[in-house]
Structure formats: structure tokens, C-alpha cells
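The values are calculated or read from the model by the stated rules, or taken from the named source; none is laboratory data. No experiment lies behind these values; they were computed from the predicted model shown. Ideal geometry is used to build each Cβ from the backbone, glycine not excepted, and the neighbour counts take in all protein chains shown. SASA here: full protein model, heavy atoms, side chains in, ligands and nucleic acids out. Shrake-Rupley method; radii C 1.70, N 1.55, O 1.52, S 1.80 Å.
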Amino acid sequence: MDWQEINCLIEALTTLVEKYQIELENQSIDDDTRSDISNDLAYTQILLGDYKKKRDQIAS
């Protein structure tokens with residue numbers, strides 16, 4: 001995977017994190033949906049961190 005691909009993934013994952021955070025602000029969602037979104041958010045944040053580490057390794 002090259003620099004450009006990783007940066008594209010980081011941008012997409014960052015946007016997805018923002019989307020999940022906005023969805024979680026919605027007070028009208030039920031507990032099951034909130035739980036699903038929270039799990040998706042956590043997994044997305046883990047992936048984002050991994051790709052940022054890979055980007056930093058390539059930059060070194």
C-alpha cells in the first residue's frame with residue numbers, strides 16, 4: 001500500500017468517525033442502534049489509528 005492509498009483511507013475513515021459521532025448525538029435513536037453505532041465507531045477509530053501508524057512508518 002502506498003502513501004496516496006493510505007491517505008485516502010485515512011480521509012474516508014475520519015469522515016466516517018465524524019458521521020458516527022453525529023449519529024450518536026441524535027437523542028431519538030434506540031439503545032440497540034446506539035450500541036451498534038458505538039461499536040462501529042470504536043472499530044473505525046481502531047482502523048484509523050492503524051492506518052495513521054502505517055502512514056507514519058512510510059514517512060520515516
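Give region 16-26 a look and list any residue that's open to solvent by 60 Å² or more (accessible area, probe 1.4 Å) and either part of a loop (DSSP other than H, G, I, E, B) or farther than 30 Å from Met1 by Cα (or both), or say none. Let's see the steps before the verdict.
Initial filter on region 16-26 (open to solvent by 60 Å² or more (accessible area, probe 1.4 Å)): 18-19, 21-22, 25-26.
Selection gives Ile22, Glu25, Asn26.
Exactly one of (1) closer than 19 Å to Gln57 by Cα; (2) over 13 Å from the mean Cα position of the chain (by Cα); (3) open to solvent by less than 60 Å² (accessible area, probe 1.4 Å) is unmet by Trp3. Its number?
In the conditions (1) closer than 19 Å to Gln57 by Cα; (2) over 13 Å from the mean Cα position of the chain (by Cα); (3) open to solvent by less than 60 Å² (accessible area, probe 1.4 Å), Trp3 misses (3) alone.
Can you confirm whether region 16-25 contains a residue that is touching a residue at least 24 places away in the same chain (Cβ under 8 Å) and charged (D, E, K, R)?
From region 16-25, those touching a residue at least 24 places away in the same chain (Cβ under 8 Å) are 16-17, 20; that's our starting set.
Okay, now just the ones that are also charged (D, E, K, R), so none.
No, every residue in region 16-25 fails to be touching a residue at least 24 places away in the same chain (Cβ under 8 Å) and charged (D, E, K, R).
Inspect region 27-47 for any residue being in a helix (DSSP H, G or I), open to solvent by less than 100 Å² (accessible area, probe 1.4 Å), among the hydrophobic types (A, V, I, L, M, F, W, C) and touching a Phe, Trp or Tyr at 6+ places or on another chain (Cβ under 6 Å) and give the result as yes or no.
yes
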